[in-house]
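Novice: Once you've had a glance at the structure underneath, I'll fire off some questions.
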Amino acid sequence: MSRPARLGVGVISAGRVGSVVGAALARSGHAVVAASGISAASQARAERMLPGVPLKPPDEVAAAADLVLLAVPDDELAGLVRGLAATGSWRPGQIVIHTSGAHGLDVLAPAAEAGALPLALHPVMTFTGRSEDLDRLTACSVGVTAAAGDEAAWSVGEALTVEMGAEPVRVPEAARALYHAALAHGANHLITLVEDCADLLRGAGIGNAERMLGPLLSAALDNALRHGDRALTGPVARGDTGTLRKHLGVLEATEPAIVPAYTSLARRTAQRAEAAGLLDAGAAAEITELLERPEHP
C-alpha cells in the first residue's frame, strides 16, 4: 500500500475524537497545522493532545490544510460542510475526511464538487479524549468509505488508517446506515444493559456490583465473539420457564421499568437459541407465550 505524502492537517474540531485522531496523524508523521475549538474543554484538550497547534476559526483551519479532519457531531456535519463551501474553503486536491459512523460520502458533496477528495474514516471505539486513546486506536478497526470504483481514494483512506496503527475495513456507501446501527446497537445498548444489571444488584443490597459483573460479562463477551450463539447459557437457552417466571415476578415488583427490555431480549434470545439448535421448538414456543402475556405471574 502506498504511503501518502506528508500532509498539513487541519482539525475541526478538537473534541474527544478530533483531538485523538489528529494526534495519531501527527504521530505518524503528518503535521497538524491548525485546529478549531470553541468550548473551554476543547481548547484545553487541544493544548494537551495537539501542543503548539494554533486554534483558528473553521474556515481558516480548512484553508490552511491539505487534509481537513471533520470531527463534529453527526447532526452538525452537513451544515458545517455547506458553510465552508459558501466561504470558498474547499479546493481541488484537498483531502476531506469525516469521522461520523452514521454518514457516508453524501454529506461531503459540497467539498467534492469543489474538487476535494471525500473520505469517511470511522474509528470503531469510544473516545475519552485522553492520551490512552492513542494506544487504543492501534487495536481498533476503522470503517473506511470512499467513492465506488475510485480505487485510489480507497487506498488513501486505508493508508492513512494503517499509518495510525489501526485496521481499515471497507464499508460501502450503501451499507453505512446498517453498519452504524449494528455498532450502536452493540456498544450503546451494552452500556445500558450493564448499568441495569449493576442497579439491580445494588438494589438487592449486594456491594461492589461492578467487581461481581466484570469477570462474568467479560467471559460472556469473549465466548460470544469466539463461539457465537453456541455460547448461549441461562434459563432461556435451557428452556427453564419456571426461572423466567421468577425473574419476571421479582422485576415487576422491584424494577418494572426494566421488564420491557428483559422480555424483549429474552424473546430474541429464544429465537437465536432455537435457530442454533440449542432450544427445541416446543420449549421456544412456551417461552414466547410466557413472555407475551400482558401480565406475568
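Novice: Of a type in the set (Asp, Glu) and open to solvent by less than 40 Å² (accessible area, probe 1.4 Å): which single residue out of GLU163, GLU113, GLU173 fits that description?
Specialist: The match here is GLU163.
Yes/no per residue for (1) farther than 30 Å from HIS103 by Cα; (2) at pLDDT below 95; (3) open to solvent by less than 50 Å² (accessible area, probe 1.4 Å):
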position	(1), (2), (3)
LEU221	no, no, no
VAL236	yes, no, yes
GLY242	yes, no, yes
ALA266	yes, no, yes
ALA281	yes, no, no
ALA284	yes, no, yes
ARG293	yes, yes, no
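Novice: Is at least one residue of the stretch 186-207 free of Cβ contacts under 8 Å to residues at least 60 places away in the same chain, on the phi < 0 side of the Ramachandran plot, open to solvent by less than 60 Å² (accessible area, probe 1.4 Å) and of a type in the set (S, T, N, Q)?
Specialist: No, every residue in the stretch 186-207 fails to be free of Cβ contacts under 8 Å to residues at least 60 places away in the same chain, on the phi < 0 side of the Ramachandran plot, open to solvent by less than 60 Å² (accessible area, probe 1.4 Å) and of a type in the set (S, T, N, Q).
Novice: Specify the residue that is farthest from ALA112 (Cα to Cα); the eligible residues are those in the stretch 58-81 that are buried (at least 16 other Cβ atoms within 10 Å of the Cβ) and acidic (Asp, Glu).
Specialist: The selected residue is GLU60.
Novice: State all residues of the stretch 141-160 that are of a type in the set (A, V, I, L, M, F, W, C) and not in a loop (DSSP other than H, G, I, E, B); if no residue qualifies, say none.
Specialist: Residues satisfying the conditions are VAL142, VAL144, ALA152, ALA153, TRP154, VAL156, ALA159, LEU160.
Novice: Being more than 15 Å from VAL72 (Cα to Cα), at pLDDT 90 or above and within 24 Å of the chain's Cα centre (by Cα) is true for just one of SER28, SER19, SER13. Which residue is that?
Specialist: Matching residue, one of SER28, SER19, SER13: SER28.
Novice: To continue, here is another question. Which residue out of VAL169, VAL107 is in contact (Cβ under 8 Å) with a residue 12 or more places away in the chain and in contact with a helix residue (DSSP H, G or I) (Cβ under 6 Å, 6 or more places away or on another chain)?
Specialist: Within the list VAL169, VAL107, the selection yields VAL107.
Novice: Pull up the stretch 122-136, narrow it to residues that are in contact (Cβ under 8 Å) with a residue 60 or more places away in the chain and not charged (D, E, K, R), then point me to the one that is surrounded by the most Cβ atoms within 10 Å (Cβ to Cβ).
Specialist: Per the stated criteria, the residue is PRO123.
Novice: Among the numbered conditions (1) outside any helix (DSSP H, G or I); (2) closer than 20 Å to VAL144 by Cα; (3) touching a Leu at 6+ places or on another chain (Cβ under 9 Å); (4) open to solvent by less than 50 Å² (accessible area, probe 1.4 Å), tell me where TRP90 comes up short.
Specialist: Single failed check for TRP90: (2).
The values are calculated or read from the model by the stated rules, or taken from the named source; none is laboratory data. The shown structure was predicted, so the numbers you read here are calculated from the model rather than taken from an experiment. Quick reminder, even Gly has a Cβ in these numbers, built from the backbone with ideal geometry, and neighbours come from all protein chains shown. Note: areas computed on protein heavy atoms with side chains; ligands, DNA, RNA excluded. Shrake-Rupley method; radii C 1.70, N 1.55, O 1.52, S 1.80 Å.
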